[in-house]
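The values are calculated or read from the model by the stated rules, or taken from the named source; none is laboratory data. Keep in mind the model is a prediction, meaning the values are calculated, not measured. Methodologically, a virtual Cβ is constructed for each residue, glycine included, from the backbone with ideal geometry; neighbour enumeration extends over all protein chains shown.
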Amino acid sequence: TPSTPSTPSTPYGVDGVDGVDGVDGSSCIVTEVENQGALVTCGDTMVMIFNGEDGEDGEDGQNGENGQDGQNGAAGLSSIIEVIDPCGDEEEYEEVILRLHDGSLIALYGNGNKKALTFIGPGDYTTSDGLACEFSVDEDFNVTW
């Protein structure tokens, strides 16, 4: 029986002869030169690369549009919403009453050298600032004199 020629298992031909080795390369060494830059040495060749300097700053750009206002926060626990001068403006330094956001009233209470801020409620009062101004606070915390 006649034999059939075999087909190669790869589409490539037979490996050729290796070529001649190339010339050996050379390495470069980079050495930092403090406050100056870097020295690059490749064989007998040396190159100095100097540090650069920052350029001048440019002009500021135009401002952008303002953003939308935020919501107002809730009143704090001690927000003063009114200053009340009982008996009106009579002297430069007089006692006043402070109305807080919740409607409560704070006044200066004095007894000799002892003075303190205190909450006051409905009743009749006299200032201790030397004017002896009489005023009243009703059940709704309205102040009258």
Quiz item: If you go through the range 59-75 one residue at a time, how many are over 20 Å from the mean Cα position of the chain (by Cα) and modelled with pLDDT of 90 or more?
Solution: 4
Quiz prompt | Exclusive hit being farther than 30 Å from Asn142 by Cα, among the acidic types (Asp, Glu), without any contact (Cβ under 8 Å) to a residue 12 or more places away in the chain and touching a strand residue (DSSP E or B) at 6+ places or on another chain (Cβ under 6 Å), set Glu53, Glu32 | solution = Glu32
Quiz item: Somewhere in the range 45-57, is a residue loosely packed, with under 10 Cβ neighbours inside 10 Å, small (Gly, Ala, Ser) and under 30 Å from Ser26 (Cβ atoms)?
Solution: yes
Quiz item: If a residue has to be over 19 Å from Ile81 (Cβ atoms) and either surrounded by 14 or more Cβ atoms within 10 Å (Cβ to Cβ) or of a type in the set (Phe, Trp, Tyr) (or both) to count, how many in the range 122-145 make the cut?
Solution: 7
Quiz item: Would it be correct to say that Val30 is over 30 Å from Ser104 (Cβ atoms) and at pLDDT 90 or above?
Solution: yes
Exercise. Give me the pairs, please: first residue somewhere in the range 112-129 and touching a residue at least 24 places away in the same chain (Cβ under 8 Å), second residue anywhere and surrounded by 10 or more Cβ atoms within 10 Å (Cβ to Cβ) and of a type in the set (Asp, Glu), beta-carbon distance under 6 Å, and either six or more positions apart or on two chains.
Key: Thr127/Glu95; Asp129/Glu94; Asp129/Glu95
Quiz item: Do you know which of the residues in the range 93-121 that are exposed (fewer than 12 other Cβ atoms within 10 Å of the Cβ) and assigned to a loop (DSSP other than H, G, I, E, B) is farthest from the chain's Cα centre (by Cα)?
Solution: Gly112
Self-check item: Residues of the range 58-90 classified as surrounded by 11 or more Cβ atoms within 10 Å (Cβ to Cβ) and part of a loop (DSSP other than H, G, I, E, B), total
Solution: 7
Quiz item: Only one of (1) farther than 26 Å from Ala74 by Cβ; (2) charged (D, E, K, R); (3) in contact with a strand residue (DSSP E or B) (Cβ under 7 Å, 6 or more places away or on another chain) fails for Glu92. Which number is that?
Solution: (3)
Quiz item: Residues in the range 123-144 that are modelled with pLDDT under 90 and over 49 Å from the mean Cα position of the chain (by Cα): how many?
Solution: 4
